[in-house]
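Okay, so here's the structure we're looking at.
The values are calculated or read from the model by the stated rules, or taken from the named source; none is laboratory data. In this text the structure is predicted, and so the values were computed from the model without any measurement. Note: ideal-geometry Cβ built from the backbone for every residue, glycine included; neighbour counts use all protein chains shown.
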Amino acid sequence: MAEKNALLFWERLLPTPDSEDIADALRSEIRDPFWLLARQWQLGEFQAEDAGMAASAHVIARTSTLQRFSANGQAAFSLAMDKPLDSVVESIMPEFDLVMRMETGRKWRKLLSKAGKQALWTQFCQIPLLQFKIPTMVFDPDNVDLRAIYHEPYEQSLAALGNARLLDGWKFFKELQTRKASDFLSSNDIEVDKLGDQWVNWINQTLKANNPDFLGSWNVSRMEYVSNVAVPISDTETVFLEAPEHNGQHLAWHNWINGVEKADLKQEIRAQEIQIHRKTALPISVTFPGMPRARWWEMEDSTIDMSNIKAQKTDTGLLLLAEFSILFSNDWLIIPLTLPLGSLSKIQSLRVSDVFGVQTIMQQNPNRVDWRFFQLSQGQQSDMWLPPASIGRVQGEALEEIKFIRDEMANMVWGVEQTVSDGMGGTLEGNSSSKGLEEWLRALADTPEPSPLPDLAVPVDYSYAIGTTVPPNWIPFIPIRSDGDSPMMLRRASIPRIFEGAETATRIRPRTSLIKNNAPMGESRRLDIQEEEILATGITLKTYWRRARWLDGTTVTWLAREKRLGVASEGSGLQFDVLKDIHQTL
C-alpha cells in the first residue's frame, strides 16, 4: 500500500501514426485469426446439428372460385367474376342530382338518334310532365327541390334547362316504371318501347336506381358493410365466409371470418369447377431490410436499429414484431404459390425435402389452438382466401362528409354535416351552406330577423334564455332503449326551426344521404345506430366515387362509403337556463 504522503504519477500511452493515411485504421483488420476461431468455438458455432437445409417443396392445393354472394343477410345470387368484389360490396344507390337528370336525358336522345327516331326527341321535350321546372316559391322546408334551389348556380342551371330545352331523365324514368315510352306519343311504336326498356336497363345497371338485383351491403345500425359469400371445396362441402365489419377501406382477406351456413347461399353451387394445383419450388429464407444476421461475426446493415426500439408495456404489436425480428426471423421459409384470384384454396399436401434427401410432410395439428397452419380463422376448414378485390383503384373528392361526435354534457351524439352535395355533382361546406339556407327560408317565409335584445322600458342588467341553439348542420341522435333487455340505440332526432312571427315550427332535416336516406322504408322512417359504434373520439363517414380497371380491361365505377375514426372532439355549446350579462353581450 502506498504511503499517505507519497507522490503518484500517471502515464498514458498514445498511438503515433506512421502516415497521414487512415485507410488501414478504418479497415479494422484482425491480426490473429486463431482468436476469432476460438471465439466461434466458444459460442458454439462449430457444433453441428442433425438437420438439413430445405432444398425443395412440393405443394398440392385444391382451389375453387367464389360463386354465391349475399348482401347484409338478404337474398343470395350468383356472382360473376366480371367486376371487383369491393365494387359489389361497397356499392350504394346514388341520388339523382341535376347532372344525372341531364345525362340520362341526353342518353335517351342518343338512343333515339341511333335508331333513326331523332324527330321524336322534340315531341318528348314538349311534354310538360317531362320538363325541368322551377318549384313554386312557397315556404315548405320539407320540399327537397326547394332546399336545393336556394343555391344560386343550381337555380340558374335549372332555369336554363326549362322551356323544353332538355328532357328530365329522372321524371321520365319514374314514368316508365308503369308506362311504355310510346304512351307519350300520338301512336304506339314498338321500336320506341324497346328503346325505352333498353334505356331503363341502362340506368338500372349504371346507377342502380331501381335494379331489383342490386342489394346493398350497408348496415345502417352499424354503419359498416356486411356481406357473405359461398365457395365449394368438394362435391358435398361448401365454405361460408362473412365480412361483418368492412369499413369501406381496402377489402382484404383478413376482413373475412367463418360465416353461418345459409340455404340460399348453398343453391346453384357448381362443384365441377374445383381445380387441383401442383407446385414444386425452391424455399428461400424470409428476409427484410435491417434483418439481424444469422452468424455472430458478421457486420449488420444499419437500415433498422433493433437496439433502439422504445416500446411501452401496452405496445403488444411492437413487442411481438421485435421478438420475431430478433429471435425467430431466420427460422421461416417462403414458397411462392400462384393461385387464381377470387379463389379459396385448401392445402392438401406440403412435402419438404432437405439437402440430405429427407422428406417431411407438413401437417396441421387440430389439437393446438395457438397454432393455425393455413387457416383464415379458428375452426376454418379451408385455407387461403384471395378475394377478387381491386388494388389500384382511384377515388375523387368526398361528396359528403359527416362527423359523429359525443356530447357527454348533453348525453347524446351529434351528426355534424361537414360537406354536403350542391345538387350538381359538387360539394358545399356544411356550416356556411346550412346558415345560407336558413336565411333563404327566412326570407321566403317573410319573417324578420330575431332582435338580439328586447326593448324594455325598465333597464335590466341580465337576460334569460330557456336554451341556446346549435348550427343547423348539427343533427341530434338521442339514446333510447325499447325495453330493459335491448341494447342502447342512438335514434336520429331533429331540432325545431323556429322563425319569429311564424305560425308553427318546422324540423331541420339532414341534407346528406349518409343519414337522410339510410332509414328503413316504413311509416316511421327512423334511423337507429348502435350506441357502441360511436367511440369516444367519434367517427367520420364519407362518400366517394371510386373507379377501378378490372382484369379484362373494363372500367368499373361505383359510389361507396368509408368509415374512419375521429381525430378530435368538439362541443355543441348547447345549454339550458342561460343567464347572460347584457352589457357583456353588447
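ASP24 meets each of the listed conditions (1) at pLDDT below 75; (2) exposed (fewer than 10 other Cβ atoms within 10 Å of the Cβ); (3) not small (Gly, Ala, Ser) apart from (2). Just so you know, in segment 397-428 the residues that are at pLDDT 90 or above and in a loop (DSSP other than H, G, I, E, B) include one that is surrounded by the fewest Cβ atoms within 10 Å (Cβ to Cβ), and it is GLU397.
Here the condition is being at pLDDT 90 or above, in the same structural domain as ALA410 (by TED's automatic domain parsing) and of a type in the set (Gly, Ala, Ser); of ALA536, ALA560, ALA568, it holds for ALA560 alone. From the list SER91, SER113, SER87, the lone residue that is among the polar types (S, T, N, Q) and touching a helix residue (DSSP H, G or I) at 6+ places or on another chain (Cβ under 8 Å) is SER113. Of all residues in segment 543-569, exactly one satisfies the criterion of being within 21 Å of LYS403 (Cβ to Cβ) and more than 20 Å from the chain's Cα centre (by Cα), namely SER569. Of all the criteria given as (1) buried (at least 18 other Cβ atoms within 10 Å of the Cβ); (2) assigned by TED's automatic domain parsing to the domain that holds LYS114; (3) under 23 Å from ARG547 (Cβ atoms), the one not satisfied by ASN255 is (2). Out of the residues in segment 473-496 that are among the charged types (D, E, K, R) and in a strand (DSSP E or B), state the one that is surrounded by the fewest Cβ atoms within 10 Å (Cβ to Cβ). For segment 473-496, the residue satisfying everything is ARG491.
Only one entry in ARG147, ARG106 is assigned to a helix (DSSP H, G or I), surrounded by fewer than 16 Cβ atoms within 10 Å (Cβ to Cβ) and either in contact with a helix residue (DSSP H, G or I) (Cβ under 9 Å, 6 or more places away or on another chain) or of a type outside the set (Val, Ile, Thr) (or both), namely ARG106. For segment 130-143, state whether one or more residues are surrounded by 13 or more Cβ atoms within 10 Å (Cβ to Cβ), assigned by TED's automatic domain parsing to the domain that holds VAL200, in contact with a strand residue (DSSP E or B) (Cβ under 9 Å, 6 or more places away or on another chain) and in a helix (DSSP H, G or I). Scanning segment 130-143 turns up at least one residue that is surrounded by 13 or more Cβ atoms within 10 Å (Cβ to Cβ), assigned by TED's automatic domain parsing to the domain that holds VAL200, in contact with a strand residue (DSSP E or B) (Cβ under 9 Å, 6 or more places away or on another chain) and in a helix (DSSP H, G or I).
Sort out which residues of segment 181-199 are in a helix (DSSP H, G or I), of a type outside the set (Ser, Thr, Tyr) and surrounded by fewer than 19 Cβ atoms within 10 Å (Cβ to Cβ), and write them in order of number. Before the answer, list the steps.
Taking segment 181-199 and keeping what is in a helix (DSSP H, G or I), we get 181-184, 190-199.
Next cut, of a type outside the set (Ser, Thr, Tyr) only: 181, 183-184, 190-199.
The answer is ASP183, ILE190, GLU191, ASP193, LYS194, ASP197, GLN198.
For segment 67-91, a residue qualifies if it is buried (at least 21 other Cβ atoms within 10 Å of the Cβ) and either out of contact with any Phe, Trp or Tyr (no Cβ under 9 Å at 6 or more places or on another chain) or over 26 Å from MET384 (Cα atoms) (or both), and exactly one does: GLN67.
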